[in-house]
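J.: Below: one structure in structure tokens.
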Amino acid sequence: MWEIVTAPLQLQFMQRALIMGLLTGGLCPLVGAFLVVQRMALLADVMAHAVLPGVAVSYALGIDALWGALASGLLSTTVIHWLQHQTRIKVDGAMAFTFASFFALGILLISWLRPTQDLEHLLFGNLLSVTGQDILKTLVVAIVIGILIGRFYQPLLFFTFDPVGAQALGLPVSWLHRGLLVGVTLTIIVSMQAVGVILVMALMVGPALVGYVLANDLRGMIVIGAGVGMLSSTVGVYSSYYLNLPPGPLIVLANTVLLVLAVLGQWWRWRKMEKDKTTHTPCNASPP
């Protein structure tokens, strides 16, 4: 039994994959929880695809993809905000339009610029090829985002549940919103190496949804979501070793199983409470 756990760790690339999976699995729900509570989970998918043009240009110019992806991701949110507030287009239409436009532009740039680096892993992830530099970059982003969320947790909490009230109290709502978007963009960028653009939304939203089902407050939701994300990543990495399958989809499927179990558990608990309530309800006395 112990050999099942230690055998994959004999390989250095599996060690790096497991460390990267734990980092991304804990980081994604950290920011994803705020998107879920704000009912903006789809924004993670939009931004995950919107960073593709910036990444393609960065690779073609030979600079760090982080900067191009950050610029492209923030530009996409600016476009969504402008369309929502300066036109009659609603937020769902603005996000759908931005999603399609930026993703199409990214595919076009990949075909036109033909960057020397293979960009296929951006779509589907390549966790088994991460380097020490990738892990260090992810660790730095995770530490910075964790510190900032801990420092500004109360304003973020107020802004998340009542943005109008937060603005009325004089809180820097615009800065909180922009800071959250930057955190989402950075999280997406460093997580693309693990699961790719296609699956990064599932890793960001899925564990947070498990926390949403099980927890009673936002703090508990973040803690549970981070734990679920790390557990899913561990299961996915080990499964990829023994099944000889890519780890990215396995991580997401492991999270899917945990979400289904959480929902079924809550449903069973609700049914039991309803049954107990019916059983202990006293019968009305019959009239004389």
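J.: Among (1) surrounded by fewer than 18 Cβ atoms within 10 Å (Cβ to Cβ); (2) touching a residue at least 40 places away in the same chain (Cβ under 8 Å), there is one condition I189 misses while meeting the rest; what is its number?
T.: Condition (1) is where I189 drops out.
J.: Please count how many residues of segment 192-212 are at pLDDT below 85 and hydroxyl-bearing (S, T, Y).
T.: Of the residues in that region, 0 qualify.
J.: Then there's this: From the list V235, V210, V205, which one is under 19 Å from M20 (Cα atoms), in contact (Cβ under 8 Å) with a residue 40 or more places away in the chain, buried (at least 18 other Cβ atoms within 10 Å of the Cβ) and not hydroxyl-bearing (S, T, Y)?
T.: The match here is V205.
J.: Quick one: would you say V195 is crowded, with 23+ Cβ neighbours inside 10 Å, over 16 Å from the mean Cα position of the chain (by Cα) and either in a helix (DSSP H, G or I) or among the acidic types (D, E) (or both)?
T.: It is false that V195 is crowded, with 23+ Cβ neighbours inside 10 Å, over 16 Å from the mean Cα position of the chain (by Cα) and either in a helix (DSSP H, G or I) or among the acidic types (D, E) (or both).
J.: Quick check: is even one residue across segment 61-77 in contact with a Lys or Arg (Cβ under 9 Å, 6 or more places away or on another chain) and among the polar types (S, T, N, Q)?
T.: The answer is yes, given that some residue of segment 61-77 is in contact with a Lys or Arg (Cβ under 9 Å, 6 or more places away or on another chain) and among the polar types (S, T, N, Q).
J.: Could you identify the single residue in L136, L176, L148, L122 that is in contact (Cβ under 8 Å) with a residue 40 or more places away in the chain, on the phi < 0 side of the Ramachandran plot, part of a helix (DSSP H, G or I) and of a type outside the set (D, E, K, R)?
T.: Answer to the check: L122.
J.: Related question: Out of (1) farther than 20 Å from D217 by Cα; (2) part of a helix (DSSP H, G or I); (3) of a type in the set (A, V, I, L, M, F, W, C), what's the single condition that is false for L171?
T.: Failing condition for L171: (2).
J.: Okay, next question. What number goes with the only condition from (1) crowded, with 20+ Cβ neighbours inside 10 Å; (2) farther than 16 Å from M14 by Cα that T256 does not pass?
T.: The single condition T256 does not satisfy is (1).
J.: So, restricting to helices (runs of 4 or more DSSP H) that lie completely within segment 34-116, which ones have at least 2 residues that are in contact with a Gly (Cβ under 7 Å, 6 or more places away or on another chain)?
T.: The helices (runs of 4 or more DSSP H) meeting that bar are 41-50, 52-61, 65-86.
J.: Just wondering, is there one or more residues in segment 216-223 that are touching a residue at least 12 places away in the same chain (Cβ under 8 Å), small (G, A, S) and assigned to a helix (DSSP H, G or I)?
T.: Looking for residues that are touching a residue at least 12 places away in the same chain (Cβ under 8 Å), small (G, A, S) and assigned to a helix (DSSP H, G or I), one finds none in segment 216-223, hence no.
J.: Quick check on this structure: which one of L250, L245 is more than 29 Å from F161 (Cβ to Cβ), over 13 Å from the mean Cα position of the chain (by Cα) and not in a helix (DSSP H, G or I)?
T.: Unique residue meeting the criteria: L245.
J.: Continuing with this model, one more query. Select from segment 26-70 the residues that are at pLDDT 90 or above and over 20 Å from F159 (Cβ atoms) and list them in ascending order.
T.: Correct list: G26, L27, C28.
J.: Of all residues in segment 27-66, how many are under 13 Å from S191 (Cβ atoms) and polar (S, T, N, Q)?
T.: 0
J.: Would segment 37-49 turn up any residue that is without any contact (Cβ under 8 Å) to a residue 12 or more places away in the chain, β-branched (V, I, T), out of contact with any His (no Cβ under 6 Å at 6 or more places or on another chain) and buried (at least 16 other Cβ atoms within 10 Å of the Cβ)?
T.: Within segment 37-49, none of the residues are without any contact (Cβ under 8 Å) to a residue 12 or more places away in the chain, β-branched (V, I, T), out of contact with any His (no Cβ under 6 Å at 6 or more places or on another chain) and buried (at least 16 other Cβ atoms within 10 Å of the Cβ).
J.: Anything in segment 55-92 that is free of Cβ contacts under 8 Å to residues at least 24 places away in the same chain, under 19 Å from M201 (Cβ atoms) and not hydrophobic (A, V, I, L, M, F, W, C)? List them, or say none.
T.: none
J.: Which of (1) modelled with pLDDT of 85 or more; (2) among the polar types (S, T, N, Q); (3) within 26 Å of P249 (Cβ to Cβ) is the odd one out, the single condition N126 does not satisfy?
T.: Failing condition for N126: (1).
J.: Here's something else I'd like to know. Of all residues in segment 144-186 being at pLDDT 90 or above and within 16 Å of the chain's Cα centre (by Cα), which is nearest to A69 (Cα to Cα)?
T.: The qualifying residue nearest to A69 (Cα to Cα) is I145.
J.: When you check T131 against the structure, is it surrounded by fewer than 18 Cβ atoms within 10 Å (Cβ to Cβ), β-branched (V, I, T) and over 20 Å from S174 (Cβ atoms), yes or no?
T.: Against the criterion (surrounded by fewer than 18 Cβ atoms within 10 Å (Cβ to Cβ), β-branched (V, I, T) and over 20 Å from S174 (Cβ atoms)), T131 qualifies.
The values are calculated or read from the model by the stated rules, or taken from the named source; none is laboratory data. Keep in mind that this is a model prediction, so the values were computed, not measured. Cβ atoms come from the backbone with ideal geometry, glycine included; neighbour counts cover every protein chain shown.
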